[in-house]
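Chemist: Dropping a structure here in structure tokens format, bear with me for questions.
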Amino acid sequence: MKRDKDLVREILLQVEAYPHPRGWVELNVSGHSAKEIAHHVELLDEAGFVEADDLTDTSGYDWRAKRLTYEGHEFLDTVRDGDVWRLTKETAKETGVASIQALFEIAKSYAKQKLIEHGIHLP
């Protein structure tokens, strides 16, 4: 199963917005199966962006997100802006870069550029 960058971002947005601080986040992403979502939750857990539980059993494959980690919040804050996200994906596609960490670095670059355009300079 291929990793879907937009699905990754949408899962992070939904986990962040989930109003209940305890328990598993109910994820529903239009156009994606429960298996696709579970696979991406597992990937995000492996990347350290969410805390998740493997609930896979004889009835099927099932990973459930519980919360964003600090790194997950950092990534999401960087790619939340639609323009930054669009530019990040375009650059990743042009360069053939697909790892989540590479996306994070590309997004940070665009976010920093946007700050500079607004007169904010970071060290």
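The values are calculated or read from the model by the stated rules, or taken from the named source; none is laboratory data. Being a predicted model, the structure only gives us computed values, none of them experimental. Virtual Cβ from ideal backbone geometry, glycine too; neighbours counted across all protein chains shown. What goes into the accessible areas is simple: the full protein's heavy atoms, side chains included, and nothing from ligands, DNA or RNA. Shrake-Rupley method; radii C 1.70, N 1.55, O 1.52, S 1.80 Å.
Chemist: From largest to smallest, what semi-axes in whole angstrom does the chain give when each is the square root of 5 times an eigenvalue of its alpha carbon gyration tensor?
Modeler: 28, 16, 11
Chemist: I would also like to ask the following. Give me the percent of accessible area attributable to carbon and sulfur for the chain, probe 1.4 angstrom.
Modeler: On the way: 3820 of 7490 Å².
Taking all protein chains in place, the chain shows 51 percent carbon and sulfur surface.
Chemist: Using amide H atoms built in the peptide plane, which far-off residues or other-chain residues are under 5 Å from Ala52 H to H?
Modeler: Lys66
Chemist: Report the Rg/Rh value for segment 41-94, based on alpha-carbon coordinates and the Kirkwood definition of Rh.
Modeler: Rg divided by Rh gives 1.12.
Chemist: So for the pair Asp57, His20, with labels modelled 7 Å out along Cα→Cβ, what separation do we get in nm?
Modeler: Placing both labels 7 Å along Cα→Cβ, they lie 1.7 nm apart.
Chemist: Right, something else. Loop-only GluC sites (Glu not before Pro) in segment 1-95, please: DSSP not H, G, I, E or B, and at most 13 other Cβ atoms within 10 Å.
Modeler: Numbers: sites: Glu10, Glu16, Glu26, Glu36, Glu42, Glu46, Glu51, Glu71, Glu74, Glu90, Glu94; in loops: Glu26.
Sparse-neighbourhood loop GluC sites (Glu not before Pro): Glu26.
Chemist: With θ set to phi - 60° and the Karplus curve 6.51 cos²θ - 1.76 cosθ + 1.60, what are the ³J(HN,Hα) couplings of segment 50-56 in order, to the nearest whole Hz, using x for Gly and Pro?
Modeler: 3J(HN,Hα) across segment 50-56, in whole Hz: 9, 9, 9, 10, 8, 9, 4.
Chemist: According to a simple spin-label model (label point 7 Å from Cα along Cα-to-Cβ), what is the distance in nm between Lys108 and Glu94?
Modeler: 2.1 nm
Chemist: I've got another one for you. With +1 on each Lys and Arg Cβ and -1 on each Asp and Glu Cβ, how big is the dipole of the chain about its Cα centre, in debye rounded to the nearest 20?
Modeler: For the chain, the charge dipole is close to 300 debye.
Chemist: May I ask you to list, by number, the DSSP H helices of the chain whose Cα span along the axis is at least 24 Å and whose average Kyte-Doolittle hydropathy reaches 0.0 or more?
Modeler: What comes out of the filter, once short or polar helices are dropped, is 100-117.
Chemist: Assign one of three labels to segment 63-123, namely rounded, prolate or oblate, based on the Cα gyration tensor with a ≥ b ≥ c the square roots of its eigenvalues; rounded applies when a/c is under 1.5, prolate when it is not and a/b is larger than b/c, and oblate otherwise.
Modeler: Judged from the Cα gyration tensor, segment 63-123 comes out oblate (a/c at least 1.5, b/c at or above a/b).
Chemist: Show me the trypsin sites (Lys or Arg not before Pro) within segment 1-76 that DSSP assigns to loop and that have at most 16 other Cβ atoms within 10 Å of their Cβ.
Modeler: Filter output for segment 1-76: Lys2, Arg3, Arg22.
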